[in-house]
1. Below 8 Å between Cα atoms, with a sequence gap of 6+, how large is the relative contact order for the chain in percent?
2. If you average 1/r over all unlike Cα pairs in the stretch 1-75 and invert the result, what Kirkwood radius do you get in angstrom?
3. Highest GNM mean-square fluctuation, the chain, Cα pairs closer than 10 Å: which of 14, 41, 65?
4. Which aspartates and glutamates, if any, have their Cα less than 18 Å from the Cα of residue 75, not counting same-chain residues under 8 positions apart?
5. Sticking to Cα atoms, compute the Rg of the stretch 34-111 to one decimal and its Dmax as the biggest Cα-Cα distance, whole number, in Å.
6. If we count trypsin sites (Lys or Arg not before Pro) as exposed when they sit in a DSSP loop and have at most 16 other beta carbons within 10 Å, what is the longest stretch of the chain that avoids them all?
7. Hey, what's the chain come to in accessible area per residue, 1.4 Å probe, Å²?
8. Within the chain, what whole-number % of the accessible surface is contributed by carbon and sulfur, with the 1.4 Å probe and all protein chains included in the calculation?
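The values are calculated or read from the model by the stated rules, or taken from the named source; none is laboratory data. Please read these numbers as outputs of a predicted model, since none were measured by experiment. Every residue, glycine as well, gets a Cβ built from its backbone with ideal geometry; the counts of neighbours run over all protein chains shown. Accessible surface areas use protein heavy atoms only, side chains included; no ligands, DNA or RNA. Shrake-Rupley method; radii C 1.70, N 1.55, O 1.52, S 1.80 Å.
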Amino acid sequence: VQLQASGGGLVQAGGSLRLSCAASGRTLSLYTMAWFRQAPGKEREFVSTISWDGGRTYYADSVKGRFTISRDNTKNTVYLQMSSLESEDTAVYYCAAKNNVRVPTAASSYNFWGQGTLVTVSS
């Protein structure tokens, strides 16, 4: 499956953005999906994950209550709605997929990755 992330940009602190991850090549309903991010000089970190049917979602503590992951399998797309953005949220955001029903938070568990979209939050 090929993944294409989009929706990044420059936003002021306290603002919102919605990221999208469009899949092609295979139907998205077969995959657990996740978002990770990597800030300059830091390691890639888990942000959120969602099961194949949307029934299970998990979030990093740092984004809980501010970010919402969702999916539309009919559109082969996963979303990350980000609100109350903080400067610490500045990073390249990557979507990832794995063809398994488990919902892991480790990046090493994911088989497929998009190219990333840059989110910059100005304070």
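1. Rounded, it is 37 percent for the chain.
2. Taking the inverse mean of 1/r over all distinct Cα pairs, the stretch 1-75 comes out at 13.7 Å.
3. The residue with the greatest mean-square fluctuation here is 41.
4. 53
5. When restricted to Cα atoms, the stretch 34-111 yields Rg and Dmax of 12.2, 37 Å.
6. Here the longest run is 76-101.
7. Heavy-atom SASA per residue in the chain reads 50 Å².
8. 47 percent
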